[in-house]
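Down below is the structure, laid out as structure tokens.
The values are calculated or read from the model by the stated rules, or taken from the named source; none is laboratory data. Just so you know, these numbers come straight off a predicted model, no measurement behind them. Reconstructed Cβ throughout: ideal geometry from the backbone, glycine too, with neighbour counts over all protein chains shown.
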Amino acid sequence: GYVFYFFTINAFLIQLLGFSLESGVAYYTARKSMREGRLINFSLTWTAIVTALTLGLYYLYNYYNPGAIEYPIMYPIAFVAGNMLIAFGNAIYFSKYNFVIPNVFSLMINITLIIFLIVTNEFSRVEVPASFIPIYFYSFLVHGLLLFLSLFIVSKEEKFILKVTSKNISKIFRYSSYAFIANILFLGLTRIDYFFIKYFCSAEDMGNYIQVSKIAQLFFILPAMISTVMFPFIAAGTKPEMTRQVKGFSSRLVLLYTFICLALGMSGYWLFPWIYGPSFANMFIPFLLIIPGIIAMSGMYPYTAYFSAEDRIIVNIRGSLFAFVFIVIADAVFIPTYGINAAALISSIGYFIYYCYVYLVFKKEMSVEKNTLVRNLVSRQA
């Protein structure tokens, strides 16, 4: 059981101590308004700080609760440091339009882990051999180190000469603070219903709803990948047509997921119990109710990427805040009576509120930009 506990605690530490600083690093790498060497040094420095804080927190906890930690202290150190390096390394590479190297390293690590697991499983005859667990946790650190070693090779700057100035740090923290708030709010609006369901509903209903939520999360992988590709081009301004295509990307995602959700909607009544078992027969109605939210949220990603790339994350924060407040109030009112069906419908409406807000702001700005362009053309002709 300690593995689940391990992931929960350390993922929270990464989210909290990381402060979404990889967002600031990605933004300034894409805009080329800071030297890459400074951003690499900043990333390594902050990783060292977070790792030291993690080590201190674990030692402090172990001091007051001797024997409470069930795993070696180097596991969380490797896990936290590795994930920080991976986040910063991917941010720098993606913002340089290099999507090959990070994915090659990820593929190499995962293939190695799979081979090691298969081989050790043959000898130990247990589902997850004990020897695999430390290898798995240390793999995060190896992955992160590989990313930064490759950065030192492919980048031509003098990394150790370039110091990170207080002005640079201030800019990175300013941008990242908005990204951090946006990420926390997004996490809240996609997870807050769990707390209400756990309190007001049965364990069986909770299990059904979590599976529906996991399916919904799978739909967001492709939009997130597309947004990752769009972000550096919009931030750098190297491809102005990318900004004009934001609405097109959103529309295509909406159309694609509408067809997929319709197919699942028609087959889910039989499909879900067949895949998950008879105890998950109550997944179907919540899934139907959350379909509009899935479609809206997927179509929203290109717009949030646009505002992030334009250093206007405040738009995303406002949209997610409106959705979050609605979901919390509606969950508190309706879940005690209507259970997981209400939770699914409320989340769906909340996601739609978020989508509508960012879409309307984007549409308004594009209209203003178009009118300004027309007036400039008319004045020149006159």
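The set of residues in the range 284-322 being part of a helix (DSSP H, G or I) and either over 25 Å from the mean Cα position of the chain (by Cα) or on the phi > 0 side of the Ramachandran plot (or both) consists of Phe284, Ile285. Of Ala323, Ala330, all but one fail to be at pLDDT 95 or above and surrounded by fewer than 23 Cβ atoms within 10 Å (Cβ to Cβ); the exception is Ala330. So the check is Cβ under 6 Å with 6+ separation or different chains; which pairs have a first residue in the range 194-219 that's assigned by TED's automatic domain parsing to the domain that holds Leu345 and closer than 11 Å to Met283 by Cα and a second one that's buried (at least 16 other Cβ atoms within 10 Å of the Cβ) and β-branched (Val, Ile, Thr)? From residues that are assigned by TED's automatic domain parsing to the domain that holds Leu345 and closer than 11 Å to Met283 by Cα, the pairs are Asp205/Ile340; Met206/Ile197; Tyr209/Ile197; Tyr209/Ile340. Can you name every residue in the range 28-63 that is assigned to a helix (DSSP H, G or I), among the basic types (Lys, Arg) and out of contact with any Lys or Arg (no Cβ under 8 Å at 6 or more places or on another chain)? Residue satisfying the conditions is Arg31 alone.
Based on what the data block shows, is Phe280 at pLDDT 90 or above and aromatic (Phe, Trp, Tyr)?
No: the conditions fail for Phe280.
Condition check ((1) surrounded by 17 or more Cβ atoms within 10 Å (Cβ to Cβ); (2) at pLDDT 90 or above) across all residues:
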position	(1), (2)
Pro129	yes, no
Leu147	yes, yes
Phe160	no, no
Ile184	no, yes
Tyr194	no, no
Lys198	no, no
Glu204	no, no
Phe219	yes, yes
Ile226	yes, yes
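Of all the residues in the range 340-360, those that are out of contact with any helix residue (DSSP H, G or I) (no Cβ under 6 Å at 6 or more places or on another chain) and within 28 Å of Gly207 (Cβ to Cβ) number 1. Residue count for the range 99-127 satisfying the condition of being farther than 21 Å from Asn10 by Cβ, modelled with pLDDT of 85 or more, in contact with a helix residue (DSSP H, G or I) (Cβ under 8 Å, 6 or more places away or on another chain) and of a type in the set (Val, Ile, Thr): 2.
Suppose we filter Ile349, Ile290, Ile313, Ile285 for residues that are of a type in the set (A, V, I, L, M) and over 25 Å from Ser250 (Cβ atoms); which single one remains?
Ile285
Within the range 206-217, count every residue that is surrounded by fewer than 13 Cβ atoms within 10 Å (Cβ to Cβ) and over 19 Å from the mean Cα position of the chain (by Cα). Looking only at that region, the number is 0. Of all the listed residues (Ala91, Ala68, Ala78), the sole one being of a type in the set (A, V, I, L, M, F, W, C) and either closer than 18 Å to Ser20 by Cβ or out of contact with any helix residue (DSSP H, G or I) (no Cβ under 8 Å at 6 or more places or on another chain) (or both) is Ala91. Here Phe249 qualifies as surrounded by 14 or more Cβ atoms within 10 Å (Cβ to Cβ) and either of a type in the set (A, V, I, L, M) or within 30 Å of Ile92 (Cβ to Cβ) (or both). Among the residues that make up the range 176-189, is at least one of them assigned by TED's automatic domain parsing to the domain that holds Ile260 and within 16 Å of Pro286 (Cα to Cα)? Checked against the condition, which is being assigned by TED's automatic domain parsing to the domain that holds Ile260 and within 16 Å of Pro286 (Cα to Cα), the range 176-189 yields no hits at all. Among the residues examined, Gly350 does not qualify as small (Gly, Ala, Ser), part of a helix (DSSP H, G or I), surrounded by 19 or more Cβ atoms within 10 Å (Cβ to Cβ) and at pLDDT below 95.
Residue-level analysis places Asn98 among those that are under 22 Å from the mean Cα position of the chain (by Cα), in a loop (DSSP other than H, G, I, E, B) and within 30 Å of Ser170 (Cβ to Cβ).
The residues on offer are Tyr276, Tyr269, and the sole one that is farther than 24 Å from Lys363 by Cβ and without any contact (Cβ under 8 Å) to a residue 40 or more places away in the chain is Tyr269.
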